[in-house]
1. Just in segment B:125-165: which GluC sites (Glu not before Pro) are loop by DSSP and have at most 12 other Cβ atoms within 10 Å?
2. Can you list the HN-Hα couplings for segment B:34-48, worked out from phi with the Karplus curve (6.51, -1.76, 1.60; θ = phi - 60°), rounded to whole Hz and with x for Gly and Pro?
3. How big is segment A:1-110 on each of its three principal axes, counting only the C-alpha atoms and giving the largest first in Å?
4. Placing unit charges on C-beta atoms (Lys and Arg positive, Asp and Glu negative, everything else neutral), compute the dipole magnitude of segment B:4-162 about its Cα centre in debye, rounded to 20.
5. For A:Lys175, list long-range residues whose amide hydrogen, built 1.01 Å from N in the peptide plane, is under 5 Å from its own amide hydrogen.
6. Relative to 2.2 N^0.38 Å, what does the C-alpha radius of gyration of segment B:4-162 come to as a ratio? Two decimals please.
7. Across segment A:233-295, how many lysine pairs, 8 or more apart or on two chains, come within less than 25 Å at their alpha-carbon atoms?
8. Apply the Karplus curve 6.51 cos²θ - 1.76 cosθ + 1.60, θ = phi - 60°, to the phi angles in segment A:256-261 and return the couplings in whole Hz, x for Gly and Pro.
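Values in this text are rule-based calculations from the coordinates and carry no lab data. Small disclaimer: the values here were computed from a predicted structure and weren't measured. Neighbour counts run over all protein chains shown; Cβ positions are idealised from the backbone, glycine included.
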Amino acid sequence: MASFDLPDSTDWLDTSLSSFEPLEAALRCQVCKEFYDTPMITLCSHTFCSLCIRRCITTDGKCPTCKKEGQTDKLMPNWVVGEIVERFVKARPAALELARRDKEEKKGTSGRKRKLDDTDLEDDEISVRSTRSRKTRTAAPAGGADMSDPIAVVNSEEEGDYVPEGMVKCPICQKAMKEEQVYMHLDSCPGQKGPGGRNTRSRTNNAFSNTFQHQSTKLSPSPTPTRLPQLNYSLLKDNALRQKLHSLGIPTWGPKQLLIRRHTEWLNLWNSNCDATHPKTKGQLLKELDVWERTQGGHAGFTEAKVMKKDFDGNKWATNNKDHFDELIANARKKRTAPTEGEEKSEEKKEGVKDAPKVIPVQYSREQPANPPTETLLIPHTERAQEPQTDTKPSVDVARPYEGNNEALAIIRKKVDEANNNSNSSSSAGPQLEGEAPSLRPSEGISNPFSSPSRKVPMFQVPEDPVIEVETKSR
Amino acid sequence: MTSPASKRLFKEYRGLSSDPPEGITAGPVTEDNMFLWEALIQGPEGTPFEGGVFPAKLEFPKDYPLAPPTMQFLCEMWHPNVYPNGTVCISILHPPGDDPHHYEQASERWSPIQSVEKILISVMSMLAEPNDESPANVDAARMWREKRGEYEDRVRENVRKGLGL
């Protein structure tokens, strides 16, 4: 996992500059925990990476820090923070190295003399080698300002070897840069790794250190792209949206929900790239979208769609999940039978005649107990509240509440047979209690606002995971 | 291929291992999958949970930190805010948009600036101070409210069991 070897603010803790830990933490985005990349400030004065805050706002429309409403088009660049971060990142490796060494020296009291000598030697060596690199860097990095000369030299040497997080070296001029920028940089790389090439480059780098001032004049293969507007997805038909995606040059497969998420992510990537000082090419953005696709999008097995598929096989679902249904039925029944026996009977006779797809609404009641809004539609509140009182281990023996109660069992069996004769349900319902599943629905007995004879399947699909988890765990 | 989520989780893991908060250990079960973590929480001192060590698992969504993880204790927990199956129910683990009970302030709920560390610290303080306004385990909440002695005995019993005593 070498790619995960990332610098972190806690690097400072074990050095003599432990107070740099909070300093560095303050220069990192609270969302991604990286150094700010294209920092943007919100109307509520909180700063995040451009991409991070765009993703947050498109997810829930709020500032992650204070939860105030936010809009992506109200974001403004925070140049100062950007520059501080840039300077700090450059100064960091040397400062960290120094602080570490200092700590070590303080630790080892016995071998101190020798160690100091070593350090001196090293410094000499380096200063010989790095005269050149000092020349090329007309200004020492910010962190080196208060350091003595040899140290400043170590600084630039370190920088040559150390590649900061997410950065790689240009194979030609050895300059460290973001991985994504390499290709773009190669087009305009000023030269071989020779003193000459480096000189030219470092002059452009340092003459006016504020890179942001160069935004318009910088070498860029493409003109500054314009921001993309947001779409009102609810007004767009599938095909129109697909058309939009096609014209943007991004993949157009998948259901509408996925198209919307993909378009949103593309907007975030694209618009945050517009904020950047060194915009990436569209090809690089497409690669990032592909990473998104594979980790969160259509290739990730990430089912977020709440709308049920048209070809949803209700019967199969009912059969596959019979155990859960049975358990719930038994559970609900147990609480209902006594007071409403007669009423239930007549209702159930009616239900029995109806067709199998009607059983599906019961899925609502199968949501985990933590989710009352749907459940309360089916089971009155009082019953839920009572459950724990009547039964210290609520989930234990609910599957066979009639065990031993022959009279009740007899009634149920009779009803099941009746129902089986009347209904053309293909369910494997037998005369036992477990077999009653799809034809006898206590939830149908209790008023079910979603049931209507014309609708065969409910509008919404119940998430599969929570249900199964709760049920199996409680056994 | 590293997603922003796994990158951030790795960072949190690094932070937690180099500067762990007192009484808390957490990390991914295997480094191949950053989305499933295991955590150990010590029972806070001065509470009936004192002396206990409680294992839990954390599952992270693919779009973490935009959405919160879920947390489930892997041992028996008798606590008003822990479901009988071990799932922890506290406000910091609830996404901002989802509050069927309207018990919680939006500011208490999940936000991308929260972290595993903050979750675990919140859970620790939840052990010390249950919130019986929206109990996940009604029995435990009632016992906590009405028969504190019995509640504490039961918790201590669980602690002893958990330690194999």
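1. On the way: sites: B:Glu133, B:Glu146, B:Glu150, B:Glu152, B:Glu157; in loops: B:Glu133.
Sites meeting the loop and neighbour criteria: B:Glu133.
2. After applying 6.51 cos²θ - 1.76 cosθ + 1.60, I find 6, 8, 10, 10, 10, 9, 10, 10, 7, x, x, 5, x, 10, x Hz.
3. Per principal axis, max minus min of the Cα coordinates gives 60, 31, 23 Å.
4. On the way: 16 positive and 25 negative charges, 50 e Å.
Using only the charged Cβ atoms, the result is roughly 240 debye.
5. A:Cys170
6. Numbers: Rg = 15.5 Å, N = 159, 2.2 N^0.38 = 15.1 Å.
The reported ratio for this selection is 1.03.
7. Going through segment A:233-295 pair by pair, I get 7.
8. Whole-Hz 3J(HN,Hα) from phi for segment A:256-261: 4, 4, 5, 4, 5, 5.
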